[in-house]
Amino acid sequence: MGSNVIDAGLLKRMFLAGVANLESKKEWINELNVFPVPDGDTGTNMTLTILSAAREVNSVEEPTMETLAKAISSGSLRGARGNSGVILSQLFRGFTKAIKYSTEIDMELLAEALQRATETAYKAVMKPKEGTILTVAKGISDKAKELAQSGCDMDVFIQELLKEGDYVLSQTPEMLPVLKQAGVVDSGGQGLMQVLKGAYDGYLGKEITFTAEKPAASRTVTGAANDEIDTADIKFGYCTEFIIMTSRAFTHEDEKEFKAFLSSIGDSIVCVADDELVKVHVHTNDPGLAIQKALTYGQLTSMKIDNMREEHQERVIKNAEREAIKQAEEDRKEREQEDKSKWKEYGFISVSAGAGIGEIFKGLGVDYLIEGGQTMNPSTEDMLNAIRRVPARNIFILPNNSNIIMAAKQAKQLTKDKEIFVIPTKTIPQGITAIINFVPDSSMEENAENMTESIKSVKTGQITYAVRDTMIDNIEIHKDDIIGLGDKGMLADGTDINDVAFETVCKMMSEDSELISIYYGQEIDEARAKELCDRLSEEFPSVDVEVNAGNQPVYYYFLSVE
């Protein structure tokens with residue numbers, strides 16, 4: 001049985017146990033998403049968010065409440081992805097504010113911290129909706145307040161909170177009809193319960209397994225090609241990665257010196273400083289030299305050394321080279337950033353998906369693209385890194401996904417030296433319309449207002465396939481069906497991609513529609529997209545129809561009507 005109070009050491013164990021349990025259940029939680037699309041991502045987003053905090057927590061060797069609170073709050077805020085991840089980070093933020101100056105947590109303080117967590121998360125959401133992770137958190141914190149002075153011991157107290165959380169979660173379908181029709185409970189609420197249940201296992205002293213390695217989805221170098229390469233072409237044989245936990249300020253001069261040293265012993269160098277951490281990647285024939293030099297700046301963690309001559313994987317090498325080139329370009333941009341006198345008046349950051357979509361945004365003047373969107377929601381830290389790279393006093397962010405807007409707003413709050421305008425674009429076509437409506441001669445505030453207003457005229461459809469049987473918006477859907485999603489729900493279902501796309505557009509049309517835009521994905525060739533274009537042109541002869549190569553993954557088509 002666990003202790004009747006929670007000290008810093010026990011809290012660390014409980015937190016990491018919660019992380020491990022959520023990570024093990026993430027795919028199950030993904031499957032709870034209402035829409036049966038192949039990129040259901042609540043479990044992934046929450047897991048990546050909490051793993052970001054866990055890596056910082058795991059590096060705290062002699063924890064105090066204050067050091068744990070900082071690690072949990074900072075790590076989750078920067079790593080937050082998607083709405084569920086941002087809300088989870090806000091729950092942690094509120095919780096840690098309540099406990100950071102204590103030495104141990106009793107039931108009264110735990111109840112206060114849970115209350116603070118719920119209040120902070122609700123405040124972070126512009127229009128809180130019941131039947132979600134917020135409702136589950138509130139149910140638990142209300143129960144904690146009720147039981148705080150009951151005289152029960154901590155073990156019973158936590159059990160009662162978990163029981164209440166499960167009950168509130170079971171009621172979420174009664175609060176949100178869309179959950180009831182789909183036959184699922186809220187996925188975010190389920191994710192929260194898995195964190196808390198894992199934490200209870202840690203409280204009881206159960207054996208847990210936690211690894212601080214980054215999840216595969218966020219690795220820079222991924223994939224494995226079958227084609228072998230000549231190992232003689234590999235100049236430096238060891239791919240070496242680690243994180244430095246700096247013992248003092250890691251200055252710009254330190255960074256230049258360290259990069260110069262790494263360049264003398266290897267190539268494919270990535271060295272990124274972030275607060276008290278420095279992330280390092282280098283290809284070298286002597287990893288020991290890189291490690292010895294790194295130890296002069298602080299302690300090392302997350303060390304990983306791979307022998308590339310044994311791996312024989314062409315894609316690994318190509319991606320590493322690509323990363324080195326990208327880092328060189330980012331270093332150049334960072335040098336420009338340091339001279340504020342050279343900053344331009346405004347810049348644009350856009351979330352993009354697919355090479356074709358990226359080229360369209362670049363052609364419209366976007367300074368920095370963040371690859372992501374539906375298949376992988378960018379984190380708050382991804383947003384902050386992009387903001388840092390754009391040498392402009394005023395920066396407009398186009399999230400282009402409803403699940404990314406909160407992370408962008410969180411990055412805005414964490415940025416002090418630039419004015420950030422988050423345009424609430426929920427789709428790629430909305431993002432394109434928004435930037436087209438930017439007027440250089442207008443003030444930044446007027447542009448933000450006009451761009452936000454312009455996206456109201458855009459209706460968007462997305463064509464993909466179903467990953468399970470379900471019922472949505474009174475449409476019966478079967479696994480592997482082709483489905484058409486609109487701005488507010490399901491529009492079409494069928495077995496032929498172009499038929500479903502055609503039906504989806506027809507349901508989006510109105511008397512004042514003037515333009516239909518088709519963005520075809522990786523699995524659609526130009527000829528097939530042209531067939532859809534011709535069919536729509538024949539059906540709506542007074543409306544312009546245009547076709548663009550989007551090359552986006554997962555979605556056969558992005559469609560818009562303006």
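Where a number appears in this text, it was derived from the coordinates with a stated rule and is not lab data. The model shown is predicted, which means the values in this text are computed figures rather than measured ones. Positions of Cβ are generated from backbone atoms using ideal geometry, with glycine treated the same way; all protein chains shown enter the neighbour counts.
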- Once amide H atoms are placed 1.01 Å from N in the peptide plane, what residues at a sequence separation of 5 or more from LEU300, or on another chain, have their amide H within under 5 Å of its amide H? MET245
- Exposure proxy order (Cβ contacts within 10 Å, fewest to most) of ASP525, ASP41: ASP525, ASP41
- Query: Going by the alpha-carbon gyration tensor, a ≥ b ≥ c the square roots of its eigenvalues, is segment 342-457 rounded (a/c under 1.5) or, if a/c is not under 1.5, prolate (a/b greater than b/c) versus oblate?
  - Reply: rounded
- Taking r as the C-beta separation of GLU359 and GLU523 and R0 as 25 Å, the FRET efficiency to the nearest 0.05 is 0.85
- Item | Spatially proximal lysines relative to LYS507 (Cα-Cα < 24 Å; intrachain offsets below 8 disregarded) | LYS426, LYS456, LYS459, LYS479, LYS488, LYS530
- Note on the structure: Counting only residues 5 or more apart in sequence or on a different chain, those whose built amide H sits under 5 Å from that of GLU371 are SER352
- Query: If you take the square roots of the eigenvalues of the alpha-carbon gyration tensor of segment 459-561 and sort them as a ≥ b ≥ c, do you get rounded (a/c under 1.5), prolate (a/b over b/c) or oblate?
  - Reply: oblate
- Task: List every residue whose amide H lies under 5 Å from the amide H of SER379, counting only residues 5 or more places away in sequence or on a different chain, with H placed 1.01 Å from N in the peptide plane.
- Result: none
- Item | Stretch gain in nm, segment LYS456-SER247, where the contour uses 0.36 nm per residue and the Cα spacing is subtracted | 70.2 nm
- Part-to-part distance (alpha-carbon centres) for segment 269-304 and segment 384-402, which is given in Å: 28
- Query: Which order results if HIS283, HIS478 are arranged by neighbouring Cβ count within 10 Å, fewest first?
  - Reply: HIS478, HIS283
- Using the number of other C-beta atoms within 10 angstrom as an exposure proxy, rank LEU11, LEU289, LEU179 with the fewest first. LEU289, LEU179, LEU11
- Message: Counting only helical runs of four or more DSSP H residues, what would the 222 nm mean residue ellipticity of the chain come to if each run contributes -39,500 (n - 2.57) and the total is spread over all its residues?
- Response: -16000 deg cm²/dmol
